[in-house]
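Here's the structure we're looking at; comments come further down.
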Amino acid sequence: MKVMVVGGGGREHAIIKSLKKNPEITEMYALPGNGGIAADAVCVNIGAKDIEGVVKFAQEKGIEFAVVAPDDPLVMGMVDALEAVGIPCFGPERKAAIIEGSKVFSKELMRKYGIPTAEYEVFTDMDKALMYLEEAPVPVVIKADGLALGKGVIIAQTRDEAKKAVRSMMEDRIFGESGSRIVIEEFLTGPEVSVLAFTDGKTMVPMVSSMDHKRALDNDEGLNTGGMGTVAPNPYYTKDVARECMDTIFIPTMKAMNAEGRTFKGCLYFGLMITPKGPRVIEYNCRFGDPETQVVLPMLKSDLLTIMMAVSKGELESVPVEFMDGAACCVVMASKGYPGKYTTGYEIKIPDDLDAECYIAGGKINEDGKLVTSGGRVLGVVATAGTLEEAVRKAYSQTVRVTFENAYYRKDIGKRALAAGKDE
Ligand code: AMP
Ligand code: GLY
């Protein structure tokens, strides 16, 4: 079977490695993939946003199943375009991907269907937004409506900061057109949990929960990043919380999307906050999370291709989706300076006997045929074990064995999760 995965980061590397456990896959392509993914798939230099190019390639190659992983092509309608020429896909159609593509859409969906989330108001008029802020309690959260490379959220500690954020989004358009509509919402507190779920619009199967570490530096200091590490499962996601989320968030979201004529098929990502008043949705994503996928998929015991094909056919109910007991930890190794300025082109050395998975996010093959750094987040070292403590220990014991110049990684991935375990 000929399969292609659209995207080129650590998440896509994890998806490809997991898919390849199925021996029926004879040819695996990554568009565009990267220098590390090249060890596991044929990388084709077609950008993940190039819908026309991707469709043409898929037709020419006779691709039999496609996985569209990143947010941009999903929101732009790549799945619609592939399905229109008869190529079955894993991923939501454009009309369902809007659940991530527009924060206003997702907030209004939650309000209409009573799904618990932060209180909010939507503004298209800057003066009205500024007036509203005169009275709003602080801290307050300002969000640009559209995709903004994960940066469209500003948590303002004071009213002045909040007004500055509104002006920068609506007047200076720092996030481009995304800032023509904004959401101002209540600041919530509590531990955050990521839950990825397979759904075909009829069945909802949450995967093992996880915890992201978004800040650049230890102790959750420094700038926000795409994610510096993850652990699974997330100890704050207890059985009781999971049950409540299923009843008040996951199933209602699936039904709401159906009722809106926007059936969601694919991986729906719930960014949750476990507040003192119960779980609340912070955000939806229309795709696998990065680097959540890097800890979730290694724990999947069932066959990923079978699940993805069942989702695409609307037959998720009929296939097993089982996860191992135990835990996983991913330590992201980044280029020093990320998420600010950094330099690249350094050789990445991975020992042959590494006792962990190594998913490459920012690596390319140079003129000498060597794998060198090419991005801010370079790779993720992932270990699985019987307990979280063991998975964290193992991940770090292997991370120190992977080397490149200017490497930087957090030393405290899993620390908060382990402390939570001890409280209980
Ligand atoms: P997002 O880009 O929507 O994932 O938001 C980035 C981060 O901002 C989240 O992971 C939260 O840590 C934080 N955040 C977003 N919305 C809120 C909120 N209403 N209250 C508190 N923190 C929030
Ligand atoms: N790790 C957060 C995300 O994928 O959006």
Are any of the residues in the stretch 45-63 surrounded by fewer than 19 Cβ atoms within 10 Å (Cβ to Cβ), modelled with pLDDT of 95 or more, outside any helix (DSSP H, G or I) and out of contact with any strand residue (DSSP E or B) (no Cβ under 7 Å at 6 or more places or on another chain)? yes
Look through the stretch 300-334, keep the residues that are part of a helix (DSSP H, G or I) and open to solvent by less than 10 Å² (accessible area, probe 1.4 Å), and return whichever of them is nearest to Lys202 (Cα to Cα). Leu316
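Using the structure shown, decide if Leu188 is among the hydrophobic types (A, V, I, L, M, F, W, C), open to solvent by 20 Å² or more (accessible area, probe 1.4 Å), more than 13 Å from ligand 1 (Cβ to nearest atom) and modelled with pLDDT of 95 or more.
Spelling it out, it is not the case that Leu188 is among the hydrophobic types (A, V, I, L, M, F, W, C), open to solvent by 20 Å² or more (accessible area, probe 1.4 Å), more than 13 Å from ligand 1 (Cβ to nearest atom) and modelled with pLDDT of 95 or more.
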Taking the stretch 376-388 and keeping only residues that are part of a loop (DSSP other than H, G, I, E, B) and either within 17 Å of the chain's Cα centre (by Cα) or at pLDDT below 95 (or both), one is left with Gly376
Check on Ala38, over 20 Å from Gly179 (Cα atoms) and either in a helix (DSSP H, G or I) or at pLDDT below 95 (or both): yes
Could you please give the count of residues in the stretch 336-365 that are farther than 27 Å from Lys21 by Cα and either touching a residue at least 60 places away in the same chain (Cβ under 8 Å) or open to solvent by 60 Å² or more (accessible area, probe 1.4 Å) (or both)? 11
Can you spot a residue in the stretch 201-209 that is under 28 Å from Pro139 (Cβ atoms) and within 14 Å of ligand 1 (Cβ to nearest atom)? no
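Does Asp290 fit the bill of being acidic (Asp, Glu) and either over 19 Å from Ser194 (Cβ atoms) or more than 14 Å from ligand 2 (Cβ to nearest atom) (or both)? Steps first, answer last, please.
Details: acidic (Asp, Glu): yes; either over 19 Å from Ser194 (Cβ atoms) or more than 14 Å from ligand 2 (Cβ to nearest atom) (or both): no.
No.
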Consider Ile154 carefully, then state whether it is more than 16 Å from ligand 2 (Cβ to nearest atom), in contact (Cβ under 8 Å) with a residue 12 or more places away in the chain, more than 20 Å from Gly227 (Cβ to Cβ) and among the β-branched types (Val, Ile, Thr). no
Subset of the stretch 210-265 that is assigned to a loop (DSSP other than H, G, I, E, B) and surrounded by fewer than 20 Cβ atoms within 10 Å (Cβ to Cβ) - its residue that is farthest from ligand 1 (Cβ to nearest atom): Gly261
Tell me, yes or no, whether the stretch 272-280 has at least one residue that is within 16 Å of ligand 2 (Cβ to nearest atom) and within 25 Å of Glu83 (Cβ to Cβ). no
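The values are calculated or read from the model by the stated rules, or taken from the named source; none is laboratory data. Note that the coordinates shown come from a computational prediction; the quantities given were computed from them, not determined experimentally. When we count neighbours, we look across all protein chains shown, and the Cβ atoms used for this are built from the backbone with ideal geometry, even at glycine. Side chains are part of the model used for accessible areas, which takes the heavy atoms of the whole protein and leaves out ligands, DNA and RNA. Shrake-Rupley method; radii C 1.70, N 1.55, O 1.52, S 1.80 Å.
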